[in-house]
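The values are calculated or read from the model by the stated rules, or taken from the named source; none is laboratory data. This one's a predicted model, so the numbers in the text were calculated from it and none came from an experiment. Here the Cβ positions follow ideal geometry from the backbone for every residue, glycine too, while neighbour counts run over all protein chains shown. Accessible surface is based on the protein model in full, side chains and every heavy atom, while ligands, DNA and RNA are left aside. Shrake-Rupley method; radii C 1.70, N 1.55, O 1.52, S 1.80 Å.
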Amino acid sequence: MTTAITDLYPTRGATETAVPRQDPVVWSPPGAPGPIAPSGMQAYERDGFLAIEELITPDEVAVYRAELERLVTDPAVRADERSIVEPKSQDVRSVFEVHRISEVFAGLVRDERVVGRARQILGSDVYVHQSRINVKPGFGASGFYWHSDFETWHAEDGLPRMRTVSVSIALTENFATNGGLMIMPGSHRTFLGCAGETPKDNYKKSLQMQDAGTPSDGALTAFADRHGIRLFTGGAGSATWFDCNAMHGSGDNITPYPRSNVFIVFNSVENAAQAPFAAPVPRPSFIGARDFTPVR
Ligand code: 6CS
Ligand code: FE
């Protein structure tokens with residue numbers, strides 16, 4: 001007899017719904033050892049994010065910038081399905097699974113300053129659910145509309161619980177003007193189930209412009225009124241850690257200054273992907289990993 005998997009976070013039905021989060025934000029006990037100080041853990045738990053002024057040094061940024069440039073200019077990478085291009089300019093916008101195709105980025109994932117923080121927040125061994133480099137060139141690169149990552153990772157990749165954390169590491173300066181990450185502080189405590197079924201092969205469109213899993217104007221207005229909006233700026237090497245259910249987005253970049261980052265999603269090995277909760281089939285493994293080997 002198969003046990004029905006309870007769906008704590010229903011989404012992509014006929015109507016939009018809001019339910020309280022039913023998972024901890026920080027999964028390790030207070031005072032658990034790791035790179036984040038207790039005050040940082042409290043801030044992360046309260047806000048759903050934690051900004052680090054310098055996670056990696058300027059010399060290290062130069063190494064990762066060079067690797068990003070190598071990848072996005074490699075015709076073989078550009079032709080690979082892991083690369084997503086800008087709809088208008090056809091510039092490379094993102095390359096997925098960089099922790100597998102690049103030894104340099106694989107090293108970043110294993111760095112204790114990175115994986116150590118993820119283990120401390122998630123309270124367990126972790127694996128990489130997704131990694132990507134986002135180039136966001138200047139002169140018109142498009143942003144990402146408001147969304148909760150967990151809503152997609154639950155609906156389309158089958159992550160059952162909110163035990164997942166992302167880190168966005170800036171590889172170029174994030175100014176107030178070049179399409180930086182915006183997060184609504186505290187929004188991670190409410191799960192917004194979105195209206196509208198997941199179209200077949202949704203990822204082919206959603207990674208350029210998300211449609212399914214997009215909150216309504218009314219819901220976003222209520223969230224923004226309640227939580228406010230925080231824009232993250234910082235130098236190259238700065239980083240923002242944020243909870244999988246934080247409502248976030250980023251604007252277009254019409255300045256001449258690219259906003260490039262490396263984005264790594266750590267999931268607890270106790271929260272491994274199951275069957276999608278609201279999609280006919282799982283997304284490809286380069287977007288939602290099916291290998292749950294812990295990062296060592
Ligand atoms: O669908 C996803 O998994 C990706 N899309 C966005 C806009 N953020 C999270 C993730 O990289
Ligand atoms: Fe996102």
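General observations
- Scanning segment 221-267 for residues that are hydroxyl-bearing (Ser, Thr, Tyr), surrounded by 15 or more Cβ atoms within 10 Å (Cβ to Cβ) and away from ligand 1 (no atom under 15 Å from the Cβ) gives Thr233, Ser238, Thr255, Tyr257.
- The listed residue being surrounded by 21 or more Cβ atoms within 10 Å (Cβ to Cβ), more than 20 Å from Gly288 (Cα to Cα) and touching a residue at least 40 places away in the same chain (Cβ under 8 Å), out of Leu108, Leu55, Leu122: Leu55
- The set of residues in segment 164-201 that are within 16 Å of ligand 1 (Cβ to nearest atom) and open to solvent by 10 Å² or more (accessible area, probe 1.4 Å) comprises Ser168, Leu181, Met182, Leu192, Gly196, Thr198, Pro199, Lys200, Asp201.
- The one condition in (1) over 21 Å from the mean Cα position of the chain (by Cα); (2) under 19 Å from Ala236 (Cβ atoms) that Asp74 fails to fulfil: (2)
- Restricted to helices (runs of 4 or more DSSP H) entirely inside segment 140-253, no element has at least 2 residues that are modelled with pLDDT under 95, within 22 Å of Leu55 (Cα to Cα) and more than 15 Å from ligand 2 (Cβ to nearest atom).
- Filtered by the rule that a residue be farther than 28 Å from Thr233 by Cβ and hydroxyl-bearing (Ser, Thr, Tyr), segment 164-217 gives Thr198, Tyr203, Ser216.
- Against the conditions (1) surrounded by fewer than 24 Cβ atoms within 10 Å (Cβ to Cβ); (2) under 26 Å from Asn253 (Cα atoms); (3) within 14 Å of ligand 1 (Cβ to nearest atom), Gly158 satisfies every one except (2).
- Members of segment 274-294 found to be buried (at least 18 other Cβ atoms within 10 Å of the Cβ) and away from ligand 1 (no atom under 12 Å from the Cβ), listed by number: Pro276, Phe277, Ala278
- Residue within segment 112-124 that is touching an Asp or Glu at 6+ places or on another chain (Cβ under 7 Å), hydroxyl-bearing (Ser, Thr, Tyr) and within 12 Å of ligand 1 (Cβ to nearest atom) present: no
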